[in-house]
Amino acid sequence: MENRFKSLTLFEFQEKFPDDDSCKLYLANLKWSNGFSCSKCGHTNYCAGNGSYDRQCTSCNYIESPTAGTLFHQVKFSLLKAFYIIYYVSTSKNGISSTELSRKLGLRQKTCWLFKRKVMSAMKSSQNFPMEGKVDVDETYVGGQDDEALGRNEGKKKIVVVAIERKGKGVSRMYAKVIKTASKQNLKEFMIQHIDNEAEVRTDKWGGYRGLESEFPKLKQEKSEKKGKNFSQLHRSIMMFKAWLRGTHHSVKHLQAYVDEYTYRYNRHKMKEGIFENLINRLVKAAPLPYKFIIA
Ligand SMILES: [Zn+2]
């Protein structure tokens, strides 16, 4: 498709998207990449609607814009700025804070945060590509007193279960989930969502993993050595994630969304070229997310 945008450079981004119109065209091509189908009646013939790139159903006359029914729905600032937010979030190595976005784009910080939060919701794992081979799992605590940067007033710590797929001495992928307790049920649910049942899963001796051999026949529980030496890749990954989290925000309220943002970028560190296109496609395919649901 000619529509594709695969570059990482800001220069090429600016060339491809000089104004709102070019963004609208890009969205229209993505949204109707498999042809037009009226979202009211399913009819597949259309003519041009009033606005640029709107399409009007020739059967029921319903007019649909490229942003309707997507995460761009009712965005109150220019589409071009929304594209910039997606560009920075997807292509910056460590992501970008809403404060920084606000400075770069001349929008209010809160406005940037709310839209970025929508973008983050599109970064959630599809759960279609479970981890295979050697997989390590452990839980970690985020927030609370031993993590002062996250804000004491947030109070309670949260438990995050983390899994990595090991490749040689490195890590090829990582998934994580905020859980209420480290119970067998919660751990199992996460593992089924993200780990292939043939994987060689390693955990520590925690009782919550006991008996999970029924789902993961190759699961082994290993006593964690001093300073977690035998789980070094996993612990390093957790440390890096926590360091990122401390530098990025000050609330554990939306912790799962931050986990999703981090792992989305992490799992694409070797195929960065298509990351902007992938993310924008996800925003087009996702249902609108009204702000009241974000704040609730
Ligand atoms: Zn129709």
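Lys110 - would you say it is over 17 Å from Phe190 (Cα atoms) and crowded, with 21+ Cβ neighbours inside 10 Å? Here the answer is no, as Lys110 does not meet what is asked.
The set of residues in region 214-244 that are touching a strand residue (DSSP E or B) at 6+ places or on another chain (Cβ under 9 Å), open to solvent by less than 90 Å² (accessible area, probe 1.4 Å) and part of a helix (DSSP H, G or I) comprises Gly228, Asn230, Phe231, Gln233, Leu234, His235, Ser237, Ile238, Phe241, Lys242. Annotation: Pro18 fulfils all but one of (1) within 22 Å of Leu80 (Cα to Cα); (2) modelled with pLDDT under 95; the unmet one is (2). Within region 64-74, restricting attention to residues that are out of contact with any helix residue (DSSP H, G or I) (no Cβ under 6 Å at 6 or more places or on another chain) and not aromatic (Phe, Trp, Tyr), the residue that is nearest to the ligand (Cβ to nearest atom) is Glu64.
Within region 25-63, the set of residues being over 19 Å from Phe115 (Cβ atoms), open to solvent by less than 30 Å² (accessible area, probe 1.4 Å), more than 9 Å from the ligand (Cβ to nearest atom) and not in a loop (DSSP other than H, G, I, E, B) comprises Ala28 only. Listed by first and then second residue, the pairs with beta-carbon distance under 8 Å, at least 6 apart or on different chains, first residue in region 41-65 and over 17 Å from Leu27 (Cα atoms), second within 8 Å of the ligand (Cβ to nearest atom) and charged (D, E, K, R), are Cys57/Lys40; Cys60/Lys40; Tyr62/Lys40. Only residues that are closer than 20 Å to Ile294 by Cα, open to solvent by 10 Å² or more (accessible area, probe 1.4 Å) and more than 11 Å from the chain's Cα centre (by Cα) were counted across region 250-280, and they come to 4.
The values are calculated or read from the model by the stated rules, or taken from the named source; none is laboratory data. Note that this is a predicted model, so its numbers are computed, not measured. Every residue, glycine as well, gets a Cβ built from its backbone with ideal geometry; the counts of neighbours run over all protein chains shown. Accessible surface areas use protein heavy atoms only, side chains included; no ligands, DNA or RNA. Shrake-Rupley method; radii C 1.70, N 1.55, O 1.52, S 1.80 Å.
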